[in-house]
Amino acid sequence: MIQVNYRDVRPIYEQIIDSVQKLVITDALLPDEKLPSVRELASKLAINPNTISRAYRELEREGYVYSVCGRGTFVADNRTLKTEHVRALLQNFDETAAELMDLSVGKEVLQKRLDRIEKGVWNDTGK
């Protein structure tokens with residue numbers, strides 16, 4: 001479920017945010033599903049509860065979760081979030097593809113890369 005990589009240069013709370021966002025966007029966590037409590041997750045990941053609280057606050061601010069006083073933190077309805085996430089990714093894709101084409105990278109090269117990604121091969125050396 002929620003994982004952190006202690007060797008990652010990103011702060012742990014950002015990794016937790018990214019992990020939960022991905023789980024919500026991919027429907028691995030469904031609307032109104034209860035997330036682990038701050039204490040539970042802190043214990044499971046062996047990190048400070050304040051780190052979990054910070055991540056949960058940011059996720060709530062961004063609309064991925066909501067909290068109910070005395071009951072816990074729950075996944076928000078993700079339909080709008082998923083649509084917005086896809087829109088943002090496509091915008092990034094368009095900008096990156098346009099920049100690559102400005103650098104004379106042909107559409108054939110881009111198509112080959114898309115074909116490899118579709119097959120699950122992320123780069124020249126594999127995943």
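Readers should treat all values here as calculations from the given coordinates under stated rules, not as data from a laboratory. Just so we're clear, the structure is a prediction, and the values are computed from it rather than from any experiment. Please note: Cβ atoms are built from the backbone with ideal geometry, for glycine as well, and neighbour counts cover all protein chains shown.
Pair-distance distribution of segment 12-77: all C-alpha pairs, bin width 5 Å, starting at 0; shares per bin in whole percent are 4, 20, 31, 28, 15, 2.
Candidate membrane-span-like segments in the chain, meaning DSSP H helices with Cα atoms spread over at least 15 Å of their own axis and a Kyte-Doolittle mean of 0.5 or above, are 12-25, with no membrane implied. Positive end of the dipole of the chain (Cβ unit charges, origin at the Cα centre): among 36, 9, 98, the Cα lying farthest that way belongs to 36.
Charge dipole (Cα centre; +1 on Lys/Arg Cβ, -1 on Asp/Glu Cβ; no other charges) of the chain amounts to roughly 460 debye. At q = 0.11 Å⁻¹, what is the base-10 log of I(q)/I(0) for the chain according to the Debye formula with one equal point scatterer per Cα and no solvent? Please give it to two decimals. After summing over all Cα pairs, the log10 values are -0.52. The length gained by stretching the chain between residue 102 and residue 77 to full extension, at 0.36 nm per residue less their Cα-Cα distance, is 5.1 nm.
Given the Cα-Cα distance of residue 26 and residue 94 and 0.36 nm per residue of separation, how much length would full extension add, in nm? Gain on stretching residue 26 to residue 94: 22.3 nm.
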